[in-house]
Amino acid sequence: MSDARRELPSVNSLLETSGVRSLLAHHPRRVVLDAVRSAVDDARSSGDAHRTEEQWIESITSVVRRNTQSSLRRVINATGVVLHTNLGRAPLSEVAIRAIEEAAGGFSNLEYDIETGQRGSRYSHCVGLLRQLCGAEDALVVNNCAAAIVLSLNTLAQRKEVLVSRGELVEIGGSFRIPEIMARSGAKLVEVGTTNRTHDDDYRRAITPKTGAIVKVHRSNFTIEGFTADVSVERLAFIAAEHGLPVIHDLGSGLILPLEAHGLTGEPTASAALASGATLVLMSGDKLLGGPQAGIILGASSVVAKLRKNPFARAMRVDKLTLSALEATLRLYLEPERALKEIPVLVMLTEPAAEVESRARTVARTLTDGGLAAGVTATSSSVGGGAFPTAEIPSSAIVLEGNAAELEDKLRRADPPVIGRISDGKLLLDLRTVLAREHAILCRAVLQALS
Ligand SMILES: *Cc1c(COP(=O)(O)O)cnc(C)c1O
């Protein structure tokens, strides 16, 4: 046996130390035991047995801390990308958070009709609000927009052909590709037109007795410019009606209120998309709508009823927490001014640049008072999440002096992690995506990580 091995303390002797005893008082025994074993194993494999008791406790404590931390953690989004899919997309409004709390802590009438005392339907919640807000005849909520696409195609076009323009065969992100999802839904993709130009006749020529639907995919995360042509949903609805076919419009973003007054143009609202004549409009709950992750299907009652009966609907059904948050979020839209003030995504998208700048100055002052070299710079934020792909929203960011890569790394390991953006060799913390309610947490985390 080597010297190093002989000098290793036993697991039992470490468990007797006062440092480990105090860990045992606060953490599950198996977590502490695993940490002690892994610290001893580490020392054995690195041949580094000469440690003071204090050093042993330090390494055991850091393993315990790592293993007791939640895997899913809150982070501060200072990237300036409002709908950041990797950072969980839409933060919820206070009322939606309260609704989740209420639904989570007790029982609910999820599938119970309080009027009659009979079994109810989970699909009834949110339908009334979606009808009112989007002008839909009927609605169905599933887990996300991807599920909405699968369910719609599987119900309306299984073993049939579905026409899609070559300019819309897109990847949404996270390897979610329209052609692949269609194949899995049991529909056969028929490409029409070219990447830059698709005409009415391209669709007309492709329609056969085997055609089941025409799909329109909203170009949500890119634009095509130059020599282009596109067939509008209105035209598609007209062509489809000649053959009794449904038009499925994968809208993605899910805008309820127009944001033109705030400089954001080009994204159709859900009600405009429906009014264009699509049979079904599909959208996400956690993009521009600003609610929980969900897929919302809007359309004619006769068609939505078919979707509801598909056994896949059961496999894609939403839980009570999602429904409670979605209902509370939708209810805010009944008063548009309130929606703009209380739904975080809308607050971030519409806050005047001067106000973001003033918040940035306040945060910068707290950081400089804490001894950091921090300034404020003008920058621009983006919408993200597959919506308004080219929009640049004027914003203000904190610039931290120092090596940008090092600062980025330290802030990523802060508690909570602060995720910034490197631009022109500087680390920026864009304040447009940091809510006022997060200022104190942001300052504390940054000062702790960099002091
Ligand atoms: C984002 C998006 C989707 C996927 O939505 P999820 O809710 O993330 O499943 C589908 N289609 C379009 C056009 C999108 O923008």
Query - Residue in segment 159-173 that is nearest to I239 (Cα to Cα), counting only those that are away from the ligand (no atom under 11 Å from the Cβ) and not in a loop (DSSP other than H, G, I, E, B) - result: L163
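Counting only residues that are more than 26 Å from C126 (Cα to Cα) and among the aliphatic types (A, V, I, L, M), give me the helices (runs of 4 or more DSSP H) lying completely in segment 326-395 with at least 1 of them.
By residue number, 353-369.
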Report summary line: Checking L245, L288, L257 in turn, the sole residue that is away from the ligand (no atom under 16 Å from the Cβ), outside any strand (DSSP E or B) and under 21 Å from the mean Cα position of the chain (by Cα) turns out to be L257
Query raised in the report: Residues in segment 382-405 that are among the aliphatic types (A, V, I, L, M), surrounded by 23 or more Cβ atoms within 10 Å (Cβ to Cβ) and at pLDDT below 95: how many?
Result: 2
Query raised in the report: Quick one: in segment 267-285, which of the residues that are touching a Pro at 6+ places or on another chain (Cβ under 6 Å) and over 17 Å from L245 (Cα atoms) is most open to solvent (accessible area, probe 1.4 Å)?
Result: T269
**Report entry** Whichever residue in segment 119-158 is part of a helix (DSSP H, G or I) and of a type in the set (S, T, Y) and, among such residues, is least open to solvent (accessible area, probe 1.4 Å)
**Finding:** S152
Report task. Residues being among the polar types (S, T, N, Q) and over 14 Å from A374 (Cα atoms): count how many of those fall in segment 396-429. Result -> 1
Requested in this report: Test T195 against the stated conditions and say whether it is in contact with a Gly (Cβ under 9 Å, 6 or more places away or on another chain), away from the ligand (no atom under 13 Å from the Cβ), β-branched (V, I, T) and touching a residue at least 60 places away in the same chain (Cβ under 8 Å).
Outcome: no
Report task. Test each condition in (1) within 12 Å of the ligand (Cβ to nearest atom); (2) of a type in the set (G, A, S); (3) over 20 Å from V231 (Cβ atoms) for A273 and report the one that comes out false. Result -> (3)
Requested in this report: Could you list, in sequence order, all residues of segment 207-218 that are more than 31 Å from the chain's Cα centre (by Cα) and either within 16 Å of the ligand (Cβ to nearest atom) or not hydroxyl-bearing (S, T, Y) (or both)?
Outcome: I207, P209, K210, G212
Query raised in the report: When both residues are 6+ apart or on different chains and their Cβ atoms are under 6 Å apart, which pairs have a first residue that lies in segment 329-346 and is of a type in the set (S, T, Y), and a second that is in a helix (DSSP H, G or I)?
Result: T329/A96; Y333/L133; Y333/A339
**Report entry** Candidate set: segment 299-325, residues that are open to solvent by less than 10 Å² (accessible area, probe 1.4 Å) and closer than 16 Å to A213 by Cβ; chosen: the one farthest from the ligand (Cβ to nearest atom)
**Finding:** V304
Query raised in the report: How do the pairs read when you match residues in segment 71-89 that are under 13 Å from A397 (Cβ atoms) and not assigned by TED's automatic domain parsing to the domain that holds P292 with residues anywhere that are in a strand (DSSP E or B) and within 16 Å of the ligand (Cβ to nearest atom), using Cβ under 8 Å and keeping only pairs 6 or more apart or on different chains?
Result: G80/S382; V81/S382; V81/V383; V81/G384
Query raised in the report: Being open to solvent by 20 Å² or more (accessible area, probe 1.4 Å), assigned to a strand (DSSP E or B) and not aliphatic (A, V, I, L, M), is that true of even one residue in segment 406-417?
Result: no
Report summary line: Checked pairs for segment 257-276, first more than 18 Å from L340 (Cα to Cα), second of a type in the set (D, E, K, R), C-beta under 8 Å and 6 or more apart or across chains, list as S276/E234
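For residues that are of a type in the set (G, A, S) and farther than 17 Å from G277 by Cα, scanning just segment 117-152, find the one that is nearest to the ligand (Cβ to nearest atom).
A146
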Report summary line: Residues of segment 219-242 being within 16 Å of the ligand (Cβ to nearest atom) and touching an Asp or Glu at 6+ places or on another chain (Cβ under 7 Å), in sequence order, are R219
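The values are calculated or read from the model by the stated rules, or taken from the named source; none is laboratory data. Predicted model only: the values in this text are computed from it and were never measured. Heads up, the Cβs are rebuilt from the backbone with ideal geometry, glycines too, and the neighbour counts pull from every protein chain shown. Areas reflect the complete protein model, heavy atoms only, side chains present, ligands, DNA and RNA absent. Shrake-Rupley method; radii C 1.70, N 1.55, O 1.52, S 1.80 Å.
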